[in-house]
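Inspection log for the structure reproduced underneath, given as structure tokens.
The values are calculated or read from the model by the stated rules, or taken from the named source; none is laboratory data. The shown structure was predicted, so the numbers you read here are calculated from the model rather than taken from an experiment. Don't worry about glycine lacking a Cβ; one is built from the backbone with ideal geometry, like all the others, and counts go over all protein chains shown. The protein model used for the area step is the full one, side chains on, heavy atoms only, and it has no ligands, DNA or RNA in it. Shrake-Rupley method; radii C 1.70, N 1.55, O 1.52, S 1.80 Å.
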Amino acid sequence: MNLNELGVKMVTIDLPFRLNHVNCFVAESEDGTVTVIDTGLNNSTSKEMWLNTLRGKKVSNLFLTHYHPDHYGYAGQLQEYTEAKVWMSREDAKVAKIAWEPDTTRAYQSFYYQCGLPAEMINKLSEDTRGFIGKVTPHPTINHHFDEGMKVNIGKYEYEVIFTPGHSGGLVCFFNREKSILFSTDHILPKITPNISYHVYSLQNPLATYLQSLEKTRELEANFVIPSHGKPFYNANQRIDEIIHHHKERIEETYDIIGQGINVIEACKKLFQKEFTIHDVRFALGETVAHLEYLYHQKECTKELREGQWYYQVK
């Protein structure tokens, strides 16, 4: 299947991270309505890409699939440039306003300390987080909120809004039943598993929520999948099975290493036995806590605060 047949153009924007790109989209309906899906970071790379891509077009709608910087970051600037109406889930619209604020940074300093991180690393992580504020501001004005099952036009076809929390608390996908097409955003990716992290301001058991969302998506039996990272692919359910299998293995690994009791950073080192940048540490730590909290909520381990640090231990 060709994106052009759908009235959709993929706009791939470079990112300065290990995950080095994000797929955004421009969709033009038969009535001439232009819709943009996601935006990249607020930086010169995104600005140049959108100026070139949208030259001569009148953008009516800007769909934001979730609040993460590579999807949300340039939205405020793009809204100013296009005067488009911005759509987003209520949950992620709320979280977007607090995720990059100084108070949130302070809350994370406490969280990192409870995870067992040394002061120097906590300071570096806090500095890295503060560095994102300029990459996501100014915030856009959210004109409309997505509702589950809402119908929206993307290019030549109508899609249902499907809520798939996990990667973020309010992440949405778009599904066309007629052609069995799924814009999977960051919910299902072709080569890597989406980062499922615990956040102090959002889902308290994100991995369980994500696995539930995968089962919900499986029922769609989507054929053609258009992700936000990587290339479009076929057979969503095959990929869903692979992702579920991966997490089952990681849950078992996590269970095996917590044995007689371990704090978060030591568990993280055992699960991710490689060198990380500070930016990557945040993802690895968040994913470690997500798996630990999954086991805790399943009542397969205990959680105890010892001298200000959380320790998890098999029952």
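Need pairs with beta-carbon distance below 8 Å; first residue free of Cβ contacts under 8 Å to residues at least 12 places away in the same chain and within the stretch 96-111, second open to solvent by 70 Å² or more (accessible area, probe 1.4 Å); sequence gap 6+ or separate chains.
none
Across the stretch 265-296, which residue is farthest from Lys248 (Cα to Cα) among those that are in contact (Cβ under 8 Å) with a residue 60 or more places away in the chain, touching a Leu at 6+ places or on another chain (Cβ under 7 Å) and of a type in the set (Val, Ile, Thr)?
Among them, the one singled out is Ile278.
Looking at (1) crowded, with 21+ Cβ neighbours inside 10 Å; (2) modelled with pLDDT under 95, which is the one condition that is false for Tyr72?
Among (1) crowded, with 21+ Cβ neighbours inside 10 Å; (2) modelled with pLDDT under 95, Tyr72 violates only (2).
Does Leu207 fit the bill of being at pLDDT 95 or above, more than 26 Å from Val11 (Cβ to Cβ), buried (at least 21 other Cβ atoms within 10 Å of the Cβ) and among the aliphatic types (A, V, I, L, M)? Before the answer, list the steps.
Working: at pLDDT 95 or above: yes; more than 26 Å from Val11 (Cβ to Cβ): yes; buried (at least 21 other Cβ atoms within 10 Å of the Cβ): yes; among the aliphatic types (A, V, I, L, M): yes.
When the stated conditions are applied, Leu207 passes them.
Taking Asn176 as the residue in question, decide whether it is open to solvent by less than 10 Å² (accessible area, probe 1.4 Å) and among the polar types (S, T, N, Q). Explain how you work it out, then say what you get.
On the way: open to solvent by less than 10 Å² (accessible area, probe 1.4 Å): yes; among the polar types (S, T, N, Q): yes.
Yes.
Matching residues to (1) within 28 Å of Lys274 (Cα to Cα); (2) modelled with pLDDT under 95; (3) in contact with a Lys or Arg (Cβ under 7 Å, 6 or more places away or on another chain); (4) not in a loop (DSSP other than H, G, I, E, B):
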{"residue": "Pro16", "(1), (2), (3), (4)": "yes, yes, no, no"}
{"residue": "Val26", "(1), (2), (3), (4)": "no, no, yes, yes"}
{"residue": "Glu30", "(1), (2), (3), (4)": "no, yes, yes, no"}
{"residue": "Val36", "(1), (2), (3), (4)": "no, no, no, yes"}
{"residue": "Asn42", "(1), (2), (3), (4)": "no, no, yes, no"}
{"residue": "Thr45", "(1), (2), (3), (4)": "no, no, no, yes"}
{"residue": "Trp50", "(1), (2), (3), (4)": "no, no, no, yes"}
{"residue": "Gly56", "(1), (2), (3), (4)": "no, yes, no, no"}
